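What follows is a single structure, written as structure tokens, with notes after it.
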């Protein structure tokens, strides 16, 4: 439904004597029809420039933007003002702004009617459509109120109703919940998900809040320095070894308690999220397992989580237990050694590579171990300290 190819946006800075600032640097993005797609990143990552280029509120320096099979960049022309064809194409794209952008002198109903008024829709049809949309967003009783009489969440609902006035196929959301309290944020996100399902809308939203991605997004992309550095379905990213976005969505911390210990990050999803796999691991191999951190939540109706555990001994001592975890359908990675991601020192990179190659062999060894009394290294013979996930 939305595709950008090689999208760049370069701004000329008036304060720095002609210096150019690159906000977008060759962005390739693909949003499928009917999905909720979130773009996340820190301030200055290029998120706002990206979403404003999608509907050509900002003209890209180069690259193409295609929405519903139509190349919008080909309709832009050379002038600063949008031509008739571009304005017509934009009517299928609604946009919700961070700060509502409502006209204080107009009633709620009149604010919703504004896009239809610009499109030349007759007064009676405008009124009927506005009332339908206000009912859809739960504000039928506020039609005659003014924006100054509304709460922040109600104002954003008016903004969403206005964005839907032209019956768009695509809804763009520019940090629509960042100015709202947590409870109101949840209600607005639920409204966006309901609209996505009821109307078949494709929703592209930008946010710096990981909770937004966990709550409603089917797919997501992580931006940094004007580039998309990672993208995919949320489920797929969580199952991808080394995914930065997965670490951001479910951060876990905790350093090794001392030298000669192996720190492992585990991702649970699907049926594995409800199974006592850590207990099974401790019983099967009679090893001490310390849980350093854990995060669990529901994403798209499924429980997903990450856990950081510490195993006694070096990586080589724990190849079989780690293989057991992978055999159970879990993603198990040796934790990085930078910052709070503690592990087993400078050899972790080699350990991780070796672990990926050894996973099938280790899994087979784990299968055999369950059929016989496990043989474990001497440092792994203490009773398990923690036996539940």
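The values are calculated or read from the model by the stated rules, or taken from the named source; none is laboratory data. The structure displayed is predicted, hence computed values, not measured ones. Here Cβ is always computed from backbone atoms with ideal geometry, including for glycine, and neighbour counts include all displayed protein chains.
Given the criterion surrounded by fewer than 23 Cβ atoms within 10 Å (Cβ to Cβ) and closer than 26 Å to residue 299 by Cβ, identify the matching residue among 141, 181, 110, 167.
After applying the criteria, what remains is 181.
The number of residues in region 283-321 being surrounded by 22 or more Cβ atoms within 10 Å (Cβ to Cβ), assigned to a helix (DSSP H, G or I) and out of contact with any helix residue (DSSP H, G or I) (no Cβ under 6 Å at 6 or more places or on another chain) comes to 1. For region 304-326, a residue qualifies if it is under 12 Å from residue 256 (Cα atoms) and in contact with a strand residue (DSSP E or B) (Cβ under 6 Å, 6 or more places away or on another chain), and the qualifying residues are 308, 309, 310, 311.
Under the condition of being outside any strand (DSSP E or B) and either without any contact (Cβ under 8 Å) to a residue 12 or more places away in the chain or touching a helix residue (DSSP H, G or I) at 6+ places or on another chain (Cβ under 6 Å) (or both), the residues counted in region 29-46 number 2. For the condition over 30 Å from residue 66 (Cα atoms), at pLDDT below 95, over 18 Å from the mean Cα position of the chain (by Cα) and surrounded by fewer than 17 Cβ atoms within 10 Å (Cβ to Cβ), residue 260 qualifies.
Considering only region 221-239, state which residues are over 12 Å from the mean Cα position of the chain (by Cα) and surrounded by fewer than 16 Cβ atoms within 10 Å (Cβ to Cβ). If the condition is that a residue be over 12 Å from the mean Cα position of the chain (by Cα) and surrounded by fewer than 16 Cβ atoms within 10 Å (Cβ to Cβ), then 224, 225, 229 are the ones that fit. Among the residues here, residue 337 does not qualify as outside any helix (DSSP H, G or I), in contact with a helix residue (DSSP H, G or I) (Cβ under 7 Å, 6 or more places away or on another chain), at pLDDT 65 or above and outside the structural domain of residue 193 (by TED's automatic domain parsing).
When each of 194, 167 is tested for being modelled with pLDDT of 90 or more and assigned to a loop (DSSP other than H, G, I, E, B), the lone residue that passes is 167.
If you go through region 47-75 and keep only what is over 16 Å from residue 28 (Cβ atoms), surrounded by fewer than 19 Cβ atoms within 10 Å (Cβ to Cβ) and touching a helix residue (DSSP H, G or I) at 6+ places or on another chain (Cβ under 8 Å), you end up with 58, 59, 70, 75.
Rundown of residues vs (1) under 30 Å from residue 208 (Cβ atoms); (2) touching a helix residue (DSSP H, G or I) at 6+ places or on another chain (Cβ under 8 Å); (3) touching a residue at least 40 places away in the same chain (Cβ under 8 Å), yes/no style:
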position	(1), (2), (3)
86	yes, yes, no
108	yes, yes, yes
118	no, no, no
125	no, yes, no
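Take the conditions (1) within 20 Å of residue 68 (Cβ to Cβ); (2) out of contact with any strand residue (DSSP E or B) (no Cβ under 8 Å at 6 or more places or on another chain); (3) in contact (Cβ under 8 Å) with a residue 40 or more places away in the chain; residue 199 misses just one of them, which is (3).
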